[in-house]
Structure formats: C-alpha cells, structure tokens
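Q: Below is one structure. I have some questions about it.
No lab work stands behind these numbers, since they all come straight from the coordinates. Everything quoted here is computed from the prediction, not taken from an experiment. Glycine also receives a Cβ, built like all others from the backbone with ideal geometry; neighbour counts cover every protein chain displayed.
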Amino acid sequence: MRKILIVIDMQNDFIDGALGTAEARAVVRPVMEKIKEYDRENVWATRDTHGENYLDTQEGRRLPVKHCIRGTKGWEIADGVAAVLSGATIIDKPTFGSVELADRLATLADREEIELELVGLCTDICVVSNALNLKARMPETPISVDAACCAGVTPESHRAALETMRMCQITVING
C-alpha cells in the first residue's frame with residue numbers, strides 16, 4: 001500500500017506572521033522531519049491562498065485578518081519546510097478544505113491502494129477540514145493525523161479537532 005503524506009498550510013502567516021502562534025512555530029521542525037521520511041512523489045502539500053479582496057469574502061468577514069494573500073511573504077511556505085518539500089505536489093486552496101486535493105487523491109485511490117497521513121496547520125480549521133473531506137470522498141482509505149506535527153489556533157481547539165477526527169474514524173497518532 002502506498003502511503004502519502006499531506007502537509008497542510010505550513011505557511012509563514014500561520015507560523016510567525018499574521019496568524020502565527022508559539023504552538024505553530026514548535027511544530028515546524030517535527031513537520032520537516034516527517035516530510036523527510038517520505039519520497040517526494042508521496043508528499044502533497046496545500047497552500048492557503050487568498051486574493052487582495054479577502055476581507056470582502058465570507059471567510060474574511062468572519063476572520064478579518066488578511067493572511068496568505070497570493071504572492072506575499074505570508075503566503076509562502078516557510079523556508080525550511082519549503083526546502084524539504086522540493087519536488088512535492090503543491091495545491092493552492094481558496095478555503096479551509098481542498099476539493100481539488102480530495103478529487104486528485106481519490107483518482108489515485110481508484111488506481112492503487114493508498115493510505116493518507118496529515119500534518120500541518122491549523123489542526124482546528126484546515127487540517128480537520130481536509131481530513132473530513134478526504135474521509136467523505138474515500139471512506140475506505142485509511143487516514144491518520146500526527147498530532148505532534150499539528151498545531152491549532154489554541155491548545156484547546158487543537159485537542160477538540162483531534163477528538164472530532166477520532167469520532168469520524170480518522171486515526172490520531174501521537175496525541
């Protein structure tokens with residue numbers, strides 16, 4: 001069975017930029033080490049991607065902090081992470097969960113048996129959204145999340161998201 005790592009939104013704005021946290025900074029090194037465990041053809045990453053009109057969107061009205069604006073330093077994947085992601089598949093996504101990611105991986109799952117592991121930021125928004133999208137699209141595909149390589153907006157919301165994923169039959173490791 002082919003095991004694929006999905007690295008969610010390891011971008012500057014979520015680490016030490018507009019929405020950065022100490023918890024996010026703490027998982028950068030573990031995420032980089034996790035990526036190194038995989039061949040690059042088995043590593044996929046997402047990049048939260050917004051336009052200058054972000055504050056006019058539904059998300060922007062509910063989270064009025066400009067972040068991950070295409071082409072800015074905050075939108076870029078953190079330097080160390082970007083270096084170890086070299087050669088990986090990167091998908092820009094306009095919102096929390098990526099339909100494109102789920103569709104592309106489902107197409108792959110139609111051709112061969114795969115297993116998915118997710119890491120990244122933020123556990124309680126984009127990681128959980130993508131994990132649930134993938135589970136809904138591929139209910140028989142094993143999916144896990146490495147809690148030690150994720151950080152939420154707060155430690156409490158991180159734990160709540162992990163519990164939500166457990167309840168939806170997503171395996172949580174290291175947490």
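Q: For ARG159 and ILE173 in one chain, what is 0.36 nm times their gap in residues minus the Cα-Cα distance, to one decimal in nm?
A: 3.8 nm
Q: In debye, nearest 20: dipole of the chain around its Cα centre with unit charges on the Cβ of K, R (+) and D, E (-)?
A: Using only the charged Cβ atoms, the result is roughly 140 debye.
Q: Separate question: Stretched out fully, how many nm does the piece from GLN58 to LYS36 gain, at 0.36 nm a residue minus the Cα gap?
A: Gain in length upon complete extension: 4.3 nm.
Q: Here's something else I'd like to know. So what are the three principal axis dimensions of the stretch 102-145 from its Cα atoms, in whole Å, longest to shortest?
A: 30, 15, 14
Q: Here's another thing I want to ask about it. Nearest-5 percent of antiparallel DSSP beta bridges in the chain?
A: Antiparallel: roughly 5 percent of the beta bridges in the chain.
Q: Could I ask something else about it? Could you tell me what a quarter of the Cα convex hull surface of the stretch 2-173 works out to, in nm² with one decimal place?
A: Its average projected convex-hull area is 8.9 nm².
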